[in-house]
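Just below is one structure, and these are the notes that go with it.
Laboratory data are not the source of any read-out in this text; all were calculated from the coordinates shown. Values in this document were obtained by computation on a predicted structure and should not be read as measured data. Cβ coordinates were reconstructed from backbone atoms using ideal geometry, including for glycine residues, and neighbour counts include every protein chain displayed.
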Amino acid sequence: MNLIKPAATIHPRTEHADRGSAHPLPLGIIVYDNGLKADELLNLCAIDMAALGFRLGGIVQSNRHRQARRKCDMYLKDLLSGEEILISADRGNEARGCRLDPAAFVRIGVWGDRALAEGVDLLILNKFGKEEAQGRGLRPLIAAALVAGTPVLIGVPRTNVDDFFAFISDAVRPLPLDRRAIATWCQNAIRAQTRRE
């Protein structure tokens with residue numbers, strides 16, 4: 001009999017309670033107010049971990065400014081394959097509202113599922129965004145990674161903190177916004193999971 005729940009039905013708060021205090025969730029969060037700085041910090045962390053030989057999955061965002069444009073172009077990169085896609089639509093300087101390309105997000109879920117299937121050492125996700133706060137988006141991927149014991153590093157905008165903690169656990173503490181501290185957490189989380197295996 002298969003006792004494993006489908007990823008979409010797993011609630012991390014429940015799984016956290018089942019693990020007991022000896023094995024806290026392998027979850028590092030970066031709570032931020034400035035998205036551009038958080039994106040840069042997560043990119044630097046990915047560079048640091050890859051340089052140490054760890055196999056990474058997930059996505060990081062880069063933001064590129066163009067001359068005569070008020071808003072930057074936003075790209076997401078798959079850390080496992082290196083593939084990069086543009087996720088912002090160019091709607092002109094006066095456009096209002098969401099300018100994200102919905103079609104691009106279909107690829108993101110595929111990237112995450114492949115990373116878990118291939119057993120990456122660390123899953124980095126750039127944002128627990130509006131979709132995740134509303135119960136959609138990458139929530140099943142986050143849950144599946146944590147249940148599998150794969151360490152997850154994720155950026156959380158301060159505006160979504162309450163929704164994030166309602167989804168995960170208010171026992172998780174944010175990491176300092178410091179490159180070295182984040183790299184240390186990542187290494188410790190990966191090594192702790194390797195010891196449990």
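Taking 7 Å steps out from each Cα toward its Cβ at LYS37 and ASP162 produces label points 2.4 nm apart.
With Cβ to Cβ distances under 9 Å as the rule, what net charge do the other residues near LYS77 carry (K, R +1; D, E -1)?
Working: positive: none; negative: ASP78, GLU83, GLU84.
Charge balance near LYS77 sits at -3.
Looking at the square roots a ≥ b ≥ c of the eigenvalues of the Cα gyration tensor of the stretch 105-148, which shape do they give, rounded for a/c under 1.5, prolate if a/b is larger than b/c, or oblate?
prolate
Each label was represented as a point 7 Å from its Cα along the Cα-to-Cβ direction; for ARG107 and ARG136 these points are 2.0 nm apart. Computed from label points 7 Å out along Cα-Cβ, the spacing between GLU118 and ILE47 is 2.2 nm.
Counting Lys and Arg as +1 and Asp and Glu as -1 over every other residue whose Cβ lies under 10 Å from the Cβ of PRO151, the net charge comes to 0.
Charge dipole (Cα centre; +1 on Lys/Arg Cβ, -1 on Asp/Glu Cβ; no other charges) of the stretch 102-197 amounts to roughly 200 debye. For the stretch 187-195, the Karplus equation 6.51 cos²θ - 1.76 cosθ + 1.60, evaluated at θ = phi - 60°, returns couplings of 4, 5, 5, 5, 5, 5, 5, 4, 5 Hz by residue, with Gly and Pro reported as x.
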